[in-house]
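Below you'll find the structure, written out as structure tokens, and then a few comments.
The values are calculated or read from the model by the stated rules, or taken from the named source; none is laboratory data. Since the structure is predicted, the reported quantities are computational estimates derived from the model, not experimental observations. We place every Cβ from the backbone using ideal geometry, glycine too, and count neighbours over all the protein chains shown. In case anyone asks, the SASA skips ligands and DNA or RNA and just uses the protein heavy atoms, side chains included. Shrake-Rupley method; radii C 1.70, N 1.55, O 1.52, S 1.80 Å.
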Amino acid sequence: MLPFIRSDLANLVAYTPQPGGHSSQADLGSGDSTSRMCDRLDTNESPFDLPADLKQKLGEFYQREIEANRYPDGSHAVLKWAIADYVNESAALSDAPITPDHLSVGNGSDELIRSILIATCLGGQGSILVAEPTFSMYKILATTLGIRAIAIPRHAETFEMTLDAAQQAIDAACQPPVRVIFVVHPNSPTGNSLTTAELNWLRTLPQNILVVIDEAYFEYSQTSVVAELNQHPNWIILRTFSKAFRLAAHRVGYGIGHPDLIRALEKVRLPYNVPSFSQIAAQFALIHRETLLSVIPEMCRERQILYTELNTSPHLRPWPSNANFVYARLAAPNFSPDESSDSTLQQIVEQLRAWGTQIRHTGGGLRITVGSPPENQRTLERLSKVL
Ligand SMILES: *Cc1c(COP(=O)(O)O)cnc(C)c1O
């Protein structure tokens, strides 16, 4: 390691995103590519690009409206109003509506996670708490900032957080104290929404602990705590355009929280964090949300087919999901992951990839994104062949 690099980064393995994009990136202009032939069911994107007529309109919009030589709007003013409208509409909030003062926009919600960590825990000021298995980015980003992450387990059967362990971690007076708790609603990779017991526990947390409720899959689950936000200045909700809104290429996410918290997040972000193209694409997606979100009922039916079919396999145990993926573990001997199940799962994932289906081995199981109907058929065929 070079002598000027922080020593605590030496042990950190970089998060390696899937190759992503398509292989024609080296050859701009040639639209077809081999990786497009592959079913990419490992990152929970929408299987559907923007409809061709909308994509064309968006392209024309870019050409007409964006001056390539000018910086983007660093205040995200127009986009924030559009997001506020959408949030209020989807939560039926009319008396105490969300306004731009309650919103921060990030380069993906990943950026907001990092801004939250910088604004709360950096410099030895706090630790974070997560219940595993969960979205890996919280721990990875914490580690890159030298922030301690404390992990507690989930119940083996339901994947609810073990609330007694969570409470103990908070009461243990560890150094530095727990300052932020990250939960996903519904959780990735296990697909379960927060239960009443979990929500009730989050409601008891003291004001000096920030609760981050990541609703990346809200459009699929329709479960949200946004209506309660006014009562909890120590809660923040994260959402993204990367999943149901079909804009993963554009990197736009947002946080909804108390204006004082939002001001702190705005202080620590980069001034021009969201490119003009991305801001316009997100506004465009909100204008056309009825069209873009209209496939969700079909996606949920496909999710049910995937779950039901996987459930007929004697080798796998799938769990019900409120998101656009299904999580499954090996059925034998007791569903609980160990070294040998991990190597079996790894072999399954590699065989599927060789046949053209990419799924994710994570949290001791398989996370399979719901794709288009033909993709899901191929997933099931290939899984039954390998099992
Ligand atoms: C996909 C996902 C995100 C989205 O991240 P972006 O940076 O907005 O693409 C955030 N949280 C969870 C739990 C996710 O699964």
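Brief remarks follow.
- The stretch 308-339, residues that are free of Cβ contacts under 8 Å to residues at least 12 places away in the same chain and part of a loop (DSSP other than H, G, I, E, B): Pro333, Asn334, Asp338
- Applying the criterion of being small (Gly, Ala, Ser) and free of Cβ contacts under 8 Å to residues at least 40 places away in the same chain to the residues of the stretch 132-184, the residue that is nearest to Tyr15 (Cα to Cα) is Ala142.
- One residue stands out in the stretch 185-201 among those that are without any contact (Cβ under 8 Å) to a residue 40 or more places away in the chain and within 30 Å of Val370 (Cα to Cα): the one that is least open to solvent (accessible area, probe 1.4 Å), namely Glu198.
Table: residues versus (1) modelled with pLDDT of 95 or more; (2) over 27 Å from Asp49 (Cα atoms); (3) of a type outside the set (Ser, Thr, Tyr).
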site	(1), (2), (3)
Ala197	yes, yes, yes
Thr204	yes, yes, no
Glu215	yes, no, yes
Thr223	yes, no, no
Ile236	yes, yes, yes
Ala244	yes, no, yes
Ile262	yes, yes, yes
Pro275	yes, no, yes
Ala281	yes, no, yes
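- Pairs where the first residue, in the stretch 70-94, is aliphatic (A, V, I, L, M) and the second is open to solvent by 60 Å² or more (accessible area, probe 1.4 Å), C-beta under 7 Å, 6+ apart: Ala91/Ala227; Leu93/Ala227
Conditions tested, residue by residue: (1) under 25 Å from the mean Cα position of the chain (by Cα); (2) closer than 28 Å to Val295 by Cα; (3) within 16 Å of the ligand (Cβ to nearest atom).
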site: Lys55; (1), (2), (3): yes, yes, no
site: Asn69; (1), (2), (3): no, no, no
site: Ser75; (1), (2), (3): yes, no, no
site: Trp81; (1), (2), (3): yes, yes, no
site: Ala84; (1), (2), (3): yes, yes, no
site: Val87; (1), (2), (3): yes, yes, yes
site: Leu103; (1), (2), (3): yes, yes, yes
site: Asn107; (1), (2), (3): yes, yes, yes
site: Ile113; (1), (2), (3): yes, no, yes
